[in-house]
1. By how many nm would the segment from Ala184 to Ser127 grow when fully extended, if each residue of separation counts as 0.36 nm and the alpha-carbon distance is taken off?
2. Can you tell me the length gained on complete extension of the stretch Asp72 to Val27, counting 0.36 nm per residue apart and subtracting the Cα distance?
3. Enter the accessible area per residue of the chain (Å², integer; probe 1.4 Å; all protein chains in place).
4. For the stretch 117-152 and the stretch 35-99, write down the distance between their C-alpha centroids in whole Å.
5. Is the C-alpha gyration tensor of the stretch 106-184 telling us rounded, prolate or oblate? Criteria: a/c under 1.5 is rounded; beyond that, a/b larger than b/c is prolate, otherwise oblate.
Amino acid sequence: EAGRGPGLGPMVLATVALDAASTRILVEAGVRDSKGFGSGATGQQTRARLAALIRARAAWVAEEICEVAEVDAYVTRGALNQLERERARLLILRAPPCTRIVADGRTLFLPLSAEFAHLEAYDRAESVHVAVAAASICAKARRDELFAAIASRYQADFGRLRGGGYVNPPTRAFVVEYYRRHCALPPEARKSWPWPDIPDVAKDLLTT
């Protein structure tokens, strides 16, 4: 997945199915853990290029987008892991038959092995399994696209939206200024996330 931690925008999960031939092609093209490419413009361009190659060469690629309202609904009852497992299950059921399923996150996804006996879950699986690395690239590239669309909507009124949507100083500055003008959080902001610089009235809004 990509976008679990940010306070702005959706979360994206992706699944990639590879055969031997597509695995070789993607290894030679430099497919690896998406986080290794960085968060800057060059990293985004690299992920976008590799994501296009993965979609063209993989046996199957699919994504699930978890919108902000749904993320909020699960977080407020402490069930974000449940949301990820539910979406992962849907992806697996839609996929073509595979001899092996590898998921990134042992605690998060190993419970799915009760339904899918050939599922394996490992921490940092994207660092050793090309299919998982490819999925991480596709998820992150889609998240990059969705966040770029959010940033574009606000650029004329608020300037360039920096920080990738994480609750860091640039994102907090944007949210505070948006609240100052509109007396509400941006619709793309997760209300279940802590926004330490928002006035008390906005904090009340977060708990409703």
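The values are calculated or read from the model by the stated rules, or taken from the named source; none is laboratory data. Only a predicted model underlies this, so the values are computations on that prediction, with no experimental measurement involved. Surface accessibility is based on the protein's heavy atoms, side chains included, excluding ligands, DNA and RNA. Shrake-Rupley method; radii C 1.70, N 1.55, O 1.52, S 1.80 Å.
1. Residue separation times 0.36 nm, minus the Cα-Cα distance, leaves 16.5 nm.
2. Value of the extension gain: 12.5 nm.
3. Computed with neighbouring chains in place, this is 51 Å² per residue.
4. A separation of 5 Å, based on Cα centres.
5. Note, shape of the stretch 106-184 comes out prolate.
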